[in-house]
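The structure under discussion appears below in the form of structure tokens.
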Amino acid sequence: MWGGRFAEGPSAIMREINASIPFDKALWRQDIAASKAHVAMLAACDIVSDDDAGTIIGGLETIASEYDTDGVPEDWDLEDIHMTTEARLAELVGPVAGRLHTARSRNDQVATDFRLWVRDTCDAMIDGLKGLQRALVSRAGEHAASIMPGFTHLQTAQPVTMGHHLMAYYEMAARDISRLEDARRRLNQCPLGSAALAGTGFPIDREMTAQALGFDVPTANSLDSVSDRDFALDFLGAASQCALHLSRLAEEMVIWASQPFGFIRMPDTLSTGSSIMPQKKNPDAAELVRGHTGRIVGCQMSLMMTMKGLPLAYSKDMQDDKPPVFEAAHLLQLCIAAMTGMVDGAEFRTGRMREAAELGYATATDLADWLVREADIPFREAHHITGAAVKLAESRGQSLEALSLDDLTAIDARIDERVYRALSVEASVAARNSHGGTAPDEVNKRVAEARKALGMKE
């Protein structure tokens with residue numbers, strides 16, 4: 001392919017370090033699509049004949065069928081997916097195959113293929129996240145009034161509903177989708193026609209190839225076109241943030257499924273057992289989501305380090321751009337699917353959750369708020385009074401609601417029997433009816449909005 005410049009062929013070491021076909025074969029669909037668009041444009045611009053273009057396109061379609069059936073062969077002497085395809089095309093159609101590479105370089109070719117692959121992957125990730133959102137919304141609707149303890153510092157704070165808790169992850173997924181959509185929008189410019197780095201002297205029509213491949217516009221600067229990998233970094237940034245959100249949910253499920261909590265039973269299909277302890281049901285899928293997050297973030301860091309000091313335009317370092325993106329995409333797809341299955345299949349133990357909310361003095365803030373509203377006590381003083389009540393209840397092993405009126409009035413005489421209307425966990429969540437609050441009516445509103453946004457049936 002480039003042997004005319006060299007007296008000797010590459011060494012075995014050079015062939016191995018130089019070959020990217022073991023991983024960039026994943027781009028074969030995008031490579032053939034871009035090649036077909038390119039040669040069609042060459043024919044339209046009278047750079048190659050219609051007959052030659054037809055022959056090349058027919059050969060590319062045959063190769064696509066072969067790859068789809070048998071996979072992409074790995075010949076390290078051919079280096080990459082581009083030369084592998086071009087060599088096979090020459091076998092099929094003869095010397096006319098050499099016209100395909102007119103007015104392009106592997107530099108703009110791979111930049112185009114990679115953008116197409118990342119664009120397709122963004123679409124797949126968005127679809128997967130919407131599936132997770134549908135699972136979250138469905139379970140949130142079921143548990144809009146199921147009371148559980150809300151935590152700060154993993155200490156019981158205030159009662160919330162499981163529906164409210166699950167809808168928090170719906171919002172996170174919505175932001176993840178928006179980041180992927182932003183990345184997709186920015187990447188949707190076509191580098192094809194930038195050639196090696198300086199453009200080409202052939203009278204090509206870059207608008208035509210951009211339109212044929214579904215890009216919004218051609219890229220505006222040929223140097224930037226072949227050296228830009230911002231689109232891959234944008235994708236990895238969005239993937240990393242998404243993985244962090246999935247990891248938080250996974251961690252909560254690990255905690256909730258533990259015997260001391262007992263809030264959920266994990267689906268058998270996403271759990272494993274122990275080789276020695278027959279009673280064990282381990283939340284391994286959730287733990288692996290948590291673990292895979294580190295690998296996904298590592299992929300982002302890997303590509304950032306590859307790109308951090310490269311001068312314009314293309315350098316061979318950039319061959320290492322694809323493995324971290326491919327790895328992160330594969331892991332994230334697994335994580336999204338696993339978390340969707342866990343949310344969809346988990347059994348929520350509502351009785352245990354409610355019991356935990358009652359035992360943790362979660363309505364202490366409601367007592368302080370009642371003192372402010374009904375007894376006109378400054379909040380800081382109400383906070384102190386409530387703390388004394390919690391201390392008394394804790395010393396007796398009781399809930400706040402179980403303290404007698406005499407107990408409460410002994411702490412502060414301004415408390416009266418109306419306070420009990422504020423001390424139940426049901427009253428606590430019902431009172432939090434501000435926009436975005438945990439009150440069941442408010443949760444149901446958010447669920448209805450989400451179902452409409454996702455096109456779900458009522």
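The values are calculated or read from the model by the stated rules, or taken from the named source; none is laboratory data. Everything numeric in this text was worked out from a predicted model, so none of it was measured. Note that we place each Cβ from the backbone using ideal geometry, even for glycine, and neighbour counts take in every protein chain shown. Accessible surface areas use protein heavy atoms only, side chains included; no ligands, DNA or RNA. Shrake-Rupley method; radii C 1.70, N 1.55, O 1.52, S 1.80 Å.
Observations
- Reported count of residues in region 198-217, each being in a loop (DSSP other than H, G, I, E, B) and within 33 Å of the chain's Cα centre (by Cα), is 4.
- With respect to being touching a residue at least 24 places away in the same chain (Cβ under 8 Å), within 30 Å of D176 (Cα to Cα) and in contact with a strand residue (DSSP E or B) (Cβ under 6 Å, 6 or more places away or on another chain), M353 fits the description.
- Residue count for region 320-349, restricted to those that are open to solvent by 20 Å² or more (accessible area, probe 1.4 Å) and over 30 Å from M266 (Cβ atoms): 2.
- Some residue of region 226-238 being under 19 Å from R119 (Cα atoms), of a type outside the set (A, V, I, L, M) and either assigned to a loop (DSSP other than H, G, I, E, B) or free of Cβ contacts under 8 Å to residues at least 24 places away in the same chain (or both): yes
- Hey, S428 among the hydroxyl-bearing types (S, T, Y), modelled with pLDDT under 95 and crowded, with 19+ Cβ neighbours inside 10 Å or not: yes
- Qualifying residue in region 353-374 (condition: outside the structural domain of H153 (by the TED database), over 45 Å from the mean Cα position of the chain (by Cα) and open to solvent by 20 Å² or more (accessible area, probe 1.4 Å)): yes
- The one condition in (1) open to solvent by 40 Å² or more (accessible area, probe 1.4 Å); (2) within 21 Å of S194 (Cα to Cα); (3) within 37 Å of the chain's Cα centre (by Cα) that L78 fails to fulfil: (2)
- Complete set of residues in region 438-458 that are outside any loop (DSSP other than H, G, I, E, B) and of a type outside the set (A, V, I, L, M): P440, D441, E442, N444, K445, R446, E449, R451, K452
- Among the criteria (1) out of contact with any Asp or Glu (no Cβ under 6 Å at 6 or more places or on another chain); (2) surrounded by fewer than 17 Cβ atoms within 10 Å (Cβ to Cβ), the one L400 does not fulfil is (2).
- Residue tally, condition part of a helix (DSSP H, G or I) and either farther than 18 Å from D113 by Cα or among the charged types (D, E, K, R) (or both), over region 300-327: 13
- When G262, G237, G291, G298 are screened for being at positive phi and in contact with a helix residue (DSSP H, G or I) (Cβ under 9 Å, 6 or more places away or on another chain), only G262 passes.
- Looking across region 421-437, the residues that are in a helix (DSSP H, G or I) and within 19 Å of A356 (Cα to Cα) come down to A422, L423, V425, E426, A427, S428, V429, A430.
- For the residues R99, R184, R115, R104, the requirement of being among the charged types (D, E, K, R), surrounded by 20 or more Cβ atoms within 10 Å (Cβ to Cβ) and over 25 Å from the mean Cα position of the chain (by Cα) singles out R104.
- Qualifying residue in region 261-279 (condition: open to solvent by 40 Å² or more (accessible area, probe 1.4 Å), in a helix (DSSP H, G or I), among the charged types (D, E, K, R) and closer than 30 Å to M148 by Cβ): yes
- Residue check for E358: assigned to a helix (DSSP H, G or I) and under 30 Å from R265 (Cβ atoms): yes
- Test for I147: is it under 25 Å from the mean Cα position of the chain (by Cα) and not assigned by the TED database to the domain that holds E394: no
- Matching residues in region 284-319 - criterion: being charged (D, E, K, R) and closer than 30 Å to T269 by Cβ: D284, E287, R290, R295
- Condition check for S194 on (1) crowded, with 18+ Cβ neighbours inside 10 Å; (2) in contact with a Phe, Trp or Tyr (Cβ under 8 Å, 6 or more places away or on another chain); (3) not β-branched (V, I, T); (4) not in a helix (DSSP H, G or I): one failure, at (2).
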